[in-house]
Amino acid sequence: MIAAKAKIKFDAQRIAKAAKRGNITSVGHAAAAIRLAARHSIRKSPKRSRAGTPPNTRKGRLRSAIKYAVGKSPPSAVIGPDVEVAGTSGKAHEFGGRYKKQRYEKRAFMGPALENVKPRFPAFWKNSIRGG
C-alpha cells in the first residue's frame with residue numbers, strides 16, 4: 001500500500017498578481033495582432049483604393065504610422081495611426097472626411113482589422129496565468 005499526503009497553500013494575492021500580469025501581456029498580444037492586421041491591409045500603390053476597401057499608400061507612411069500602446073491599470077490598449085507621423089489622414093480614411101482640402105470616402109482599416117483578429121482573442125488569454 002502506498003500512502004501520500006499533500007499540503008496545499010492558497011495564496012489569493014499571488015494568483016491575483018499572476019492574473020493581472022497575464023491579462024496585461026494578453027492585451028499587448030491582441031493589440032499587436034490588430035496592428036499587424038491593419039498594416040497588412042494597406043497596400044502600397046500610386047492609385048487610390050476603391051471606396052469601402054482599406055486605403056492604399058504611396059510611400060508607406062500611413063502603414064508605418066500605425067502604433068499601439070498598452071495601459072496597465074486597467075489593462076487596455078490604444079491602436080491606430082500616429083498623428084505625428086501621418087497627420088489626420090488615418091481618421092479621414094477610417095471614417096470618411098476631409099484631409100488637406102480633399103474629400104475622402106470611407107476606407108476603414110482599423111475596424112476591419114479588429115473584426116479580423118477578434119476570433120483569435122481567446123487564444124491570447126489561454127494559459128496566460130502562470131505562477132511566479
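The values are calculated or read from the model by the stated rules, or taken from the named source; none is laboratory data. Just so it is clear, the model here is predicted, and its values are computed rather than measured. Positions of Cβ are backbone-derived with ideal geometry, glycine not excepted, and every protein chain shown enters the neighbour counts. Just so you know, the surface numbers come from the protein's heavy atoms only, side chains and all, with ligands and any DNA or RNA stripped out. Shrake-Rupley method; radii C 1.70, N 1.55, O 1.52, S 1.80 Å.
Here are a few things to note about the model shown:
- Helix axis angle, 12-41 relative to the chain longest principal axis, alpha carbon, degrees: 20 degrees
- Pairwise Lys count, the stretch 47-110 - Cα closer than 16 Å, eight or more residues apart or different chains: 6
- Carbon/sulfur fraction of accessible area - the chain, other protein chains in place, 1.4 Å, %: 54 percent
- Low-density loop cleavage sites - trypsin sites (Lys or Arg not before Pro) in the stretch 91-132, where at most 10 other Cβ are within 10 Å (DSSP): K100, K101, K126, R130
- Value at 222 nm in deg cm²/dmol, rounded to 500, when DSSP H runs of n ≥ 4 in the chain each add -39,500 (n - 2.57): -13000 deg cm²/dmol
- Coil-residue trypsin sites (Lys or Arg not before Pro) of the stretch 1-64, DSSP, other Cβ within 10 Å capped at 14: K5, K7, K9, K47, R48, R50, R58, K59
- Inter-label distance, A18 to K67: 3.5 nm, where each label sits 7 Å from its Cα along the C-beta direction.
- Residue-span extension gain [R58 to L114] - 0.36 nm each, minus C-alpha spacing: 17.8 nm
- Reach of K9 by Cα under 18 Å, taken over lysines that are not fewer than 8 positions away in the same chain: K17
- At R0 = 30 Å, FRET efficiency that the Cβ-Cβ distance of F95 and W125 yields, to 0.05: 0.50
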